[in-house]
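The values are calculated or read from the model by the stated rules, or taken from the named source; none is laboratory data. All of these numbers come straight from a predicted model, not from anything done at the bench. With ideal geometry, Cβ positions are generated from the backbone for all residues, glycine too; neighbour counts draw on all protein chains shown.
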Amino acid sequence: MSVKKIIPCLDMKNGRVVKGVKFVDIKDAGDPVECAKEYIKQGADELVLLDISASLEKRKTMVDVVKKVADVTTIPFTVGGGMKSLDEIKDVLDAGADKVSINTAAVENPNLIKEATEKFGKKIIVAIDVRRNEEMPSGYEVLIYGGEKPTGKDALEWAKEAVSLGAIAILPTSKDRDGTKDGYDLEITRKIKEAVNVPVIASGGVGNLKHILDGLTEGKADAALAASIFHYKEYTVGDIKKYLKKNDVIVRE
């Protein structure tokens, strides 16, 4: 088994860390800089900052927040939300992000993945918001604009296409599970991991330590992303790593 990563996610809105349920019922969860510093201290392997309403509100990612978080970050730092052009991706990378996650813009213009990879190198992660839809070949449909708009696009086929265009990782999030604390949707996580040759990051629905374990074992994910359990101090990164090690999962010290 490869070394698994634990990644706290800072969902951002109006300059604050927030958390919702199924992409709605958004509540404040803290200051992004203070959250970032705390998770680094706890031993997080990477950080993800997602400007969750940028695409829906048709505005750019909050570059000033990216700069503030980058100034305190000593681990790989990915930023996503609202980027739809090479210039906007450049602004976020210049602000200190190590990698960029694109979602809506990639679905609407798949060639952006290829163009960004050619210009900036291996820095593009494709995030895929999904929901169950039995009419799709994989049983899952891609959603865009913060989970508000269905696309009629099959999640598994889109993941494979994104990797073929240069995505260095896939970050699937189940809208059905987001914020519910019912655990990751293991089926779509596993299906994507078995279909692509890049890392897959499990996301959406963590409520306890076993959910993380299941995502990394049954879901076959390379990394586990979580938000609520960290923001509301239910578990630390150290708690999770200790539990995973007890269950024979290899993690970074």
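Of note:
- Filter result (surrounded by 15 or more Cβ atoms within 10 Å (Cβ to Cβ), touching a strand residue (DSSP E or B) at 6+ places or on another chain (Cβ under 8 Å) and more than 23 Å from Ala36 (Cβ to Cβ)) within the stretch 87-118: Thr104, Ala106, Val107, Leu112, Ile113, Ala116, Thr117
- Test result for Val17, farther than 29 Å from Asp182 by Cβ and either outside any loop (DSSP other than H, G, I, E, B) or at pLDDT 90 or above (or both): no
- Exactly one residue out of Gly121, Gly152 is of a type in the set (Gly, Ala, Ser), modelled with pLDDT of 95 or more, within 17 Å of Val198 (Cα to Cα) and surrounded by fewer than 16 Cβ atoms within 10 Å (Cβ to Cβ), and it is Gly121.
- Between Thr217, Thr180, the distinction of being at pLDDT below 95 and either closer than 19 Å to Gly146 by Cα or not aliphatic (A, V, I, L, M) (or both) belongs to Thr180 only.
- Selection count, the stretch 183-203, where residues are touching a helix residue (DSSP H, G or I) at 6+ places or on another chain (Cβ under 8 Å) and either farther than 24 Å from Pro76 by Cα or assigned to a loop (DSSP other than H, G, I, E, B) (or both): 9
- Pairs with Cβ under 7 Å, 6+ apart, first in the stretch 192-210 and farther than 19 Å from Leu50 by Cα, second assigned to a strand (DSSP E or B): Ile192/Ile170; Ile192/Pro172; Ile192/Val200; Lys193/Val200; Val196/Ile170; Val198/Ala169; Val198/Ile170
- Under the condition of being of a type in the set (Val, Ile, Thr) and either closer than 19 Å to Ala36 by Cα or touching a Phe, Trp or Tyr at 6+ places or on another chain (Cβ under 6 Å) (or both), the residues counted in the stretch 207-253 number 4.
- Among the residues of this structure, Lys67 counts as one that is surrounded by fewer than 17 Cβ atoms within 10 Å (Cβ to Cβ) and among the charged types (D, E, K, R).
- For the stretch 218-251, a residue qualifies if it is in contact with a strand residue (DSSP E or B) (Cβ under 9 Å, 6 or more places away or on another chain), within 24 Å of Glu187 (Cβ to Cβ), assigned to a helix (DSSP H, G or I) and not aliphatic (A, V, I, L, M), and exactly one does: Ser228.
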